[in-house]
Amino acid sequence: MKNPLEDAAALLDSLWTMVLAVGLEPQGSHAAPLYYVRGEGFSLYWLSSPDSLHSRAVAAVGQVSAAVFRPSRKWTELRGLQIRGAARAVRKQLAVIEKYKAKFGLGGELDPVIARSRLYRLEPQWMRLIDNRRGFGWNMEWEFPLSEEK
């Protein structure tokens with residue numbers, strides 16, 4: 001098997017959906033399944049309406065959690081990532097949008113929807129890889145400093 005950090009990157013690149021969770025005091029937490037692409041390092045990007053509950057929560061709170069995992073019915077195949085970090089709307093970047101469209105097979109018919117959407121970025125501060133192929137409960141954790149990018 002590869003280096004665990006390389007495994008984490010490959011797993012993110014091979015999967016399509018993350019579950020993004022945001023705490024909303026006093027209402028509790030909110031979770032939303034979202035399509036994403038991996039950008040630089042372990043940053044995750046997604047497109048969403050700025051009016052959606054999770055987008056409004058990201059704008060208000062800025063700190064999120066996410067889970068990305070490969071569905072499996074066998075415990076020996078459970079693999080996934082738990083992520084905590086800072087999230088926010090960012091300037092749309094053509095390279096990220098094109099990568100997103102390519103990953104999900106989006107043609108020009110969704111360009112008007114994409115134009116109305118905002119691009120969001122999750123910059124991990126902490127990440128845990130879980131990989132039961134390496135043994136029951138095997139995991140490895142990393143901490144990442146936040147970038148200076150605004």
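The values are calculated or read from the model by the stated rules, or taken from the named source; none is laboratory data. None of these values were measured; they are calculated from a predicted model. All Cβ positions, even for glycine, are placed from backbone atoms using ideal geometry, and neighbour counts span all protein chains on display.
Would you check if residue 52 is surrounded by 12 or more Cβ atoms within 10 Å (Cβ to Cβ) and under 21 Å from residue 118 (Cβ atoms)? So residue 52 fits the description; yes. Put simply, of 98, 109, 123, 77 the only residue that is out of contact with any Leu (no Cβ under 9 Å at 6 or more places or on another chain), of a type outside the set (A, V, I, L, M, F, W, C) and closer than 16 Å to residue 36 by Cα is 98.
Do the conditions hold for residue 95, that is, is it more than 16 Å from the chain's Cα centre (by Cα), assigned to a helix (DSSP H, G or I) and on the phi < 0 side of the Ramachandran plot? It is true that residue 95 is more than 16 Å from the chain's Cα centre (by Cα), assigned to a helix (DSSP H, G or I) and on the phi < 0 side of the Ramachandran plot. Taken together, the residues in the stretch 69-89 that are more than 17 Å from residue 20 (Cα to Cα) and either in contact with a Lys or Arg (Cβ under 9 Å, 6 or more places away or on another chain) or crowded, with 16+ Cβ neighbours inside 10 Å (or both) amount to 5. When residue 102 is tested against (1) of a type in the set (A, V, I, L, M, F, W, C); (2) touching a residue at least 12 places away in the same chain (Cβ under 8 Å); (3) not in a strand (DSSP E or B), only condition (2) is not met. Checking the stated criteria, residue 118 turns out not to satisfy the condition of being over 24 Å from residue 64 (Cβ atoms), surrounded by 10 or more Cβ atoms within 10 Å (Cβ to Cβ), of a type outside the set (Ser, Thr, Tyr) and touching a residue at least 24 places away in the same chain (Cβ under 8 Å).
Evaluation of residue 25 against the conditions (1) modelled with pLDDT of 95 or more; (2) out of contact with any Leu (no Cβ under 9 Å at 6 or more places or on another chain); (3) of a type in the set (D, E, K, R) shows that the sole unmet condition is (1). When every residue of the stretch 55-65 is checked against the conditions, at least one turns out to be without any contact (Cβ under 8 Å) to a residue 40 or more places away in the chain and at positive phi.
Selection within the stretch 1-21: residues that are closer than 12 Å to residue 129 by Cα and in contact (Cβ under 8 Å) with a residue 40 or more places away in the chain. The member of this set that is surrounded by the most Cβ atoms within 10 Å (Cβ to Cβ) is 8.
Residues in the stretch 70-82 that are outside any helix (DSSP H, G or I) and free of Cβ contacts under 8 Å to residues at least 60 places away in the same chain: 70, 71, 72, 73, 74, 78, 82. Flag: residue 110 matches the condition of being more than 25 Å from residue 126 (Cβ to Cβ), modelled with pLDDT under 95 and out of contact with any Ser or Thr (no Cβ under 8 Å at 6 or more places or on another chain). For the stretch 90-112, filtering for residues that are of a type in the set (Val, Ile, Thr) and closer than 19 Å to residue 17 by Cα leaves 2.
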